[in-house]
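First the structure, in the form of structure tokens, and then the observations on it.
The values are calculated or read from the model by the stated rules, or taken from the named source; none is laboratory data. Predicted, not measured: the structure shown is a model, and the values here were computed from it. Positions of Cβ are backbone-derived with ideal geometry, glycine not excepted, and every protein chain shown enters the neighbour counts. Ligands, DNA and RNA are stripped out before the accessible areas are found, and what is left, the full protein with its side chains, is counted by its heavy atoms. Shrake-Rupley method; radii C 1.70, N 1.55, O 1.52, S 1.80 Å.
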Amino acid sequence: MKKLWALVVALLLVAVAVGCGKKQQSTKLSIWAFTDELKKVVDDFKAANEGIDVSFSIIPSEEFRTKIRPVLRSGSGAPDVFLGEVAWVRDIVSWGMWMDLTKNYPDMVKQYEDQAPPYVVDLGRDENGHVVAMSWQACPGGFFYKRSVAKNVFGTDDPKAIGELISTPEKFLDAARTLKSKNVKMLTGFSDYQWIPFYGRKAGWVDSNNNLFIDPVAMDFFELAKTLRQEGLTAKVDQWSPGWFGNMAKKEVFGYLLPTWGLHYVIKKNAGDTAGDWAVTRGPASYSWGGTWLGIYKNAEAEDLAVKFVNMLAVDADYQEAYTREVGDFMSNLNVDAKMAKEEGDPFLGGQNHYQFFMEEAKNITPGLETKYDQDINGMYIDAIRNYIEDKMTKEEAIADMKGKVKNAFPEINVD
């Protein structure tokens, strides 16, 4: 009898041990974001996973890194999934707080790498080249212009023809001068052009030896911006100001350099009665502007749900197609974009299919230009150009001032 009871106890202990070793299915997922654009995705995820609760917290973008970093370090109250905005995603990658997806979920990463533009994938890689964050978006840019103005000034509104007219910085200026002769400004302000030199560079702001590097293309923009200002080729209006938005409904300004999201969230909302009078083409360089990456906290409590969520949004083609049809985003999945490129164009763009255009632009964008310092150094660079074109400093003084600010803000960067 004693032997029988001993056997029963032993079997019970084995069963308990097996039960304890088996990870239970999570029922609650926590997500930290700096934008409400994921609210729809969260609702869709909950609808597809009955019984799941999702805690979705939105922290203002300017406070996001300050608030989340100590939480991630302590692990107390850390979210399972958190986001990174393109201006500082490389900084978050450098923290080492996102899970190594290449190591832990290689099949999911392989599928993502096979369908996303290289520059999008590259932004979410760590120092070992492993993917730690993914994006469901690609945000290549273009030059959105008014067809009626193009016909009146250049005799054509064809995107390819207009693109050829502005295909280099020199041609861009010549076209701007032609527009001025007809009392039309090429742009609202010089800073609209900034993404062209940013993505026309061969290398980013900081090289592999941690030296500040100002690419010749970035240097050239000083003189181009000066020409735009001195010759009155812009409306001298700053981005995001009331005048910048207001000129979208007027024919006194020809066009805007904006990315994919600029069509739906900026131009369409401020274009007044100009719907159908727009088109998009390539400017002097392919560029990108914006985007959001998401990854899984390396010690996530609900890792199983976190993987499901990231996979649904950044990898699953069926969900991405449904999402882009409803929201209008240009997806990071080029297979989905190719499907959309075969359909009818957007009436707002005079029937032009912008998916066709942006697909090609996304492939042209050079990976590896972004650094963790970009948000700050980009601003210092634009300030330097502003000081120069407004005659507050000589070019040499403006560049020296920029270098001084970089050195003060980031002592670890070598500045000559």
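Largest GNM mean-square fluctuation across 58, 389, 377, computed for the chain with C-alpha springs under 10 Å, falls on 58. Extension gain, residue 71 to residue 148, is 22.4 nm, computed as 0.36 nm per intervening residue step minus the present C-alpha separation. Which entry in (1) 24.6; (2) 19.5; (3) 27.0 is this structure's computed mean projected area of the Cα convex hull in nm²? Derived directly from the coordinates: (1).
One chain, two ends: residue 113 and residue 353. Fully extended at 0.36 nm per residue, the span grows by 83.9 nm beyond their Cα-Cα distance.
Reported to the nearest whole Å, the Cα centre-to-centre distance from segment 288-310 to segment 369-416 is 33. Simple spin-label estimate for residue 209 and residue 58 gives 4.7 nm between the two label positions (7 Å along the Cα-to-Cβ direction from each Cα). Sites listed here are trypsin sites (Lys or Arg not before Pro) in segment 157-195 whose DSSP assignment is loop and whose Cβ has at most 12 other Cβ atoms within 10 Å: 182.
Excluding residue 109 itself, what net charge comes from residues whose Cβ is under 11 Å from its Cβ, given Lys and Arg +1 and Asp and Glu -1? Around residue 109, the surrounding residues sum to -1. The C-alpha atoms of segment 72-147 occupy a region whose extents along the principal axes are 55, 27, 20 Å, arranged from largest to smallest. To put it simply, the accessible area of segment 178-292 at a 1.4 Å probe is 50 percent carbon and sulfur.
Output the antiparallel fraction of DSSP beta bridges having both residues in the chain, as a percent to the nearest 5.
65 percent
With every protein chain kept in place and ligands, DNA and RNA left out, what is the accessible area per residue of segment 174-320? Probe 1.4 Å, answer in Å².
Each residue of segment 174-320 exposes 37 Å² on average to a 1.4 Å probe.
So what's the Cα pair-distance distribution over segment 48-196, bin width 5 Å, in %? Final binned percentages: 2, 7, 13, 13, 12, 11, 9, 9, 9, 8, 5, 2, 0.
Using the rule -39500 (n - 2.57) for each DSSP H run of four or more residues, divided by the residues of the chain, the 222 nm mean residue ellipticity is -14000 deg cm²/dmol.
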